[in-house]
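What follows is one structure encoded as structure tokens, with my remarks underneath.
The values are calculated or read from the model by the stated rules, or taken from the named source; none is laboratory data. From a predicted model like this one, the values you see are computed outputs, not experimental measurements. When we count neighbours, we look across all protein chains shown, and the Cβ atoms used for this are built from the backbone with ideal geometry, even at glycine.
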Amino acid sequence: MAKARGSAPKGPGLAGDPLGNLVMTEIGIIAQLAGTLFESVLPDGMTRAQYGVLNHLLRLETEETIGELASAFQVRQPTMSSTVRKLEDKGLVALKSDPEDRRIRRVAITKAGKAARQAGLEALGPLYAELMTLVPEKELKAILPTLTRLRIILDERRPD
């Protein structure tokens, strides 16, 4: 059900909900809204999952197995295999044999993959610029350490 235009946004929970629930609900809502908006401005044919894999490999400066990527993104291995296959078909990643164990194949970002990630970042530029006019840079910088700390805490408590 769409929110009535002009009505005030509702809070993240119900009166009396524990603070933890309010925080986690707000994060979940933001993640859903941001993800949908994010994907709407990515270059044609690139999904949020594909951009995420490219960004992950570059951010960590690593090559990972499909299993490691599936674990990092908390998806099933067949789901990650499909994402990697689509990236490979586009020439954005390559599967390379592990030098220590030839049976293991690692996902490596290609030059085209780096360029695609950069194109995605550039496509997101106007969106980020607009958001920066709505939420001052000072406020965003102030909440970033807390968000990072929450991410680390949640990452350490992933279910097996």
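Report whether or not Glu61 is on the phi > 0 side of the Ramachandran plot, loosely packed, with under 13 Cβ neighbours inside 10 Å and not aromatic (Phe, Trp, Tyr). Here the answer is yes, as Glu61 does meet what is asked.
Within region 127-139, how many residues are over 18 Å from the mean Cα position of the chain (by Cα) and in a helix (DSSP H, G or I)? Total meeting the criteria: 8.
Inspection of region 80-97 finds a residue satisfying the criterion of being surrounded by 13 or more Cβ atoms within 10 Å (Cβ to Cβ), within 24 Å of Arg151 (Cα to Cα) and within 17 Å of the chain's Cα centre (by Cα). For region 142-158: of the residues being in a helix (DSSP H, G or I) and not aliphatic (A, V, I, L, M), which is nearest to Phe73 (Cα to Cα)? So the residue we want is Asp155. Going through region 87-128 one residue at a time, which ones are within 16 Å of Gly45 (Cα to Cα) and free of Cβ contacts under 8 Å to residues at least 40 places away in the same chain? Answer for region 87-128, where residues must be within 16 Å of Gly45 (Cα to Cα) and free of Cβ contacts under 8 Å to residues at least 40 places away in the same chain: Leu87, Glu88, Asp89, Gly91, Ala112, Ala115, Gln118, Leu121, Glu122.
Within region 2-24, residues that are within 22 Å of Ile153 (Cα to Cα) and modelled with pLDDT of 85 or more reach no partner that is assigned to a loop (DSSP other than H, G, I, E, B) and aromatic (Phe, Trp, Tyr) with beta carbons closer than 7 Å at six or more positions or on different chains.
The helices (runs of 4 or more DSSP H) found entirely in region 28-126 that carry 2 or more residues being modelled with pLDDT under 95 are 48-59, 66-73.
Which of the residues that make up region 106-123 are surrounded by 16 or more Cβ atoms within 10 Å (Cβ to Cβ) and in contact with a helix residue (DSSP H, G or I) (Cβ under 8 Å, 6 or more places away or on another chain)? Those that are surrounded by 16 or more Cβ atoms within 10 Å (Cβ to Cβ) and in contact with a helix residue (DSSP H, G or I) (Cβ under 8 Å, 6 or more places away or on another chain): Val107, Ile109, Gly113, Ala116, Arg117, Gly120, Ala123. You will find that of Val107, Val84, Val53, Val135, the residue that is among the aliphatic types (A, V, I, L, M) and under 21 Å from Leu33 (Cβ atoms) is Val135 and no other.
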